[in-house]
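Data block below; observations after.
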Amino acid sequence: MDSTPARRPGELVFAVAILLFSLAAFWQAYDISGFDGLTEPGVFPMLATGTMVLASLFILSNTARRPAEADGAAAARRFFAEILPTRHIVLIGLVLAYLLLLPLLGFIASSALFLLAAFQYLWRRHVLITLMLSAAALAAVYVIFRIVFQVVLPEGSLMRGLG
């Protein structure tokens, strides 16, 4: 009797993605200073990302050897039920919308919209409570980054003429 568990839905794709990310990170670490000597600034990042590449190759090898689930339709249902449920898809969409709106509306407006939409979708409380929570969170982030750390936050191309 084989005690090796079947590969979970999406596990092989995730293992490949980890390997690709590790290789990209290794390339970026190499670009810091190349590998000219052991005292160069890129040595530690190269060691760290090299370890990531080796670990991801090991994970990919083990994952590829495990048998896939026999029923493809059942695997797809399990993938969307366990790995990528509707809640995650909606949040990914909200993050993508935030990324697209950030250059246009700037940090304050796009973050306020994102927080309001995400809190309202996830928490499902009264809109005024969600609005107050979003405003408090945004105010805290603004104070910490803009006032304490003096980070210049993006204004957005549509908001430049308004201020």
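List pairs: first in the range 124-135 and surrounded by 13 or more Cβ atoms within 10 Å (Cβ to Cβ), second outside any loop (DSSP other than H, G, I, E, B) and small (Gly, Ala, Ser), Cβ under 7 Å, 6+ apart or cross-chain?
From the range 124-135, the pairs are Ser134/Ala112.
Only one of (1) aliphatic (A, V, I, L, M); (2) in contact with a helix residue (DSSP H, G or I) (Cβ under 9 Å, 6 or more places away or on another chain); (3) under 30 Å from Pro5 (Cβ atoms); (4) in a loop (DSSP other than H, G, I, E, B) is not met by Ala70, so which one is it?
(2)
Among the residues in the range 93-106, are any in the same structural domain as Phe119 (by TED's automatic domain parsing), of a type outside the set (Val, Ile, Thr), on the phi > 0 side of the Ramachandran plot and in a helix (DSSP H, G or I)?
Within the range 93-106, the subset in the same structural domain as Phe119 (by TED's automatic domain parsing) is 93-106.
From what's left, of a type outside the set (Val, Ile, Thr): 93-94, 96-106.
Now drop any that are not on the phi > 0 side of the Ramachandran plot, which leaves 106.
From what's left, in a helix (DSSP H, G or I): 106.
Yes.
Within the range 95-116, count every residue that is crowded, with 16+ Cβ neighbours inside 10 Å and touching a helix residue (DSSP H, G or I) at 6+ places or on another chain (Cβ under 9 Å).
14
Check off (1) over 18 Å from the mean Cα position of the chain (by Cα); (2) of a type in the set (S, T, N, Q); (3) surrounded by fewer than 14 Cβ atoms within 10 Å (Cβ to Cβ) for Thr63 and give me the number that stays unchecked.
Every listed condition holds for Thr63 apart from (3).
Collect the residues in the range 66-87 that are loosely packed, with under 11 Cβ neighbours inside 10 Å, among the charged types (D, E, K, R) and touching a residue at least 24 places away in the same chain (Cβ under 8 Å), keeping them in residue-number order.
Residue satisfying the conditions is Arg87 alone.
The values are calculated or read from the model by the stated rules, or taken from the named source; none is laboratory data. Given the structure is predicted, the values throughout are model-derived calculations rather than measurements. Note that each Cβ is placed from the backbone with ideal geometry, even for glycine, and that neighbours are counted across all protein chains shown.
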